[in-house]
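Reading through the structure tokens given below for one structure.
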Amino acid sequence: MERTHHKQEINITETLINRINELISYYPEDKRKSALLPVLHEVQDAHDNWLSIELMDKVAEIIQIKPIEVYEVVSFYTMYNQRPIGKYMFEFCQTSPCCLNGVEDLMDYTCEKLGIKVGEPTADGLFEVRGVECLGACGYAPMMQLGDFYKEHLTKEKVDQLIEDCKDGKIVLLDK
Ligand code: FES
């Protein structure tokens, strides 16, 4: 479990609790835990894209499961964040087909351009780079996920353009 010194304001609004209850209602009463993944997505989206221990505890309380059951899921999947992350998270696929098509070079290039290391946000909190497992778009290698979207057949020029578009606020992160 990643520990963080960052404080998070917990804000479970009426709209959010209604959405959580809707997700839980899709499953039998004794299988409330089945709603955990979609509930975590909703809660994370409503909390600046990360989940503190206190927030995970709150999710456990709402779903009526043990906190450890939430920690296990959050620490397993890269789509859940245990600390504040850069607003624009460049998630490069690091599995073989993307590696064979130069993704490592692109990651190095991106980090150098942004002046960061993998797993560290830029000082202004705008960007971060991380490596993830296969995103199921191997035919479009090398590729990455940015928010809810895939960016495919990447080149250095495309990375340059994406960085500029993010800075200019032209990139939409959520498919909502
Ligand atoms: S190997 Fe990169 S998307 Fe599958």
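The values are calculated or read from the model by the stated rules, or taken from the named source; none is laboratory data. A quick note: this is a predicted structure, and the numbers were derived from the prediction, not measured. All Cβ positions, glycine included, derive from the backbone under ideal geometry; neighbour counts span all protein chains shown. Quick note on the areas: whole protein, heavy atoms, side chains included, nothing else; ligands and nucleic acids left out. Shrake-Rupley method; radii C 1.70, N 1.55, O 1.52, S 1.80 Å.
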Filter segment 120-153 down to the residues that are more than 15 Å from the ligand (Cβ to nearest atom) and among the β-branched types (Val, Ile, Thr), then identify the one that is surrounded by the fewest Cβ atoms within 10 Å (Cβ to Cβ). 122
Please determine whether any residue of segment 62-78 is in contact with a strand residue (DSSP E or B) (Cβ under 8 Å, 6 or more places away or on another chain) and either open to solvent by less than 40 Å² (accessible area, probe 1.4 Å) or within 30 Å of residue 154 (Cα to Cα) (or both). yes
Looking only at segment 78-104, count how many residues are closer than 21 Å to residue 165 by Cα, of a type outside the set (Ser, Thr, Tyr) and away from the ligand (no atom under 13 Å from the Cβ). 5
Check residue 48 against each of (1) among the acidic types (Asp, Glu); (2) in a helix (DSSP H, G or I); (3) at positive phi and name the one condition it does not meet. (2)
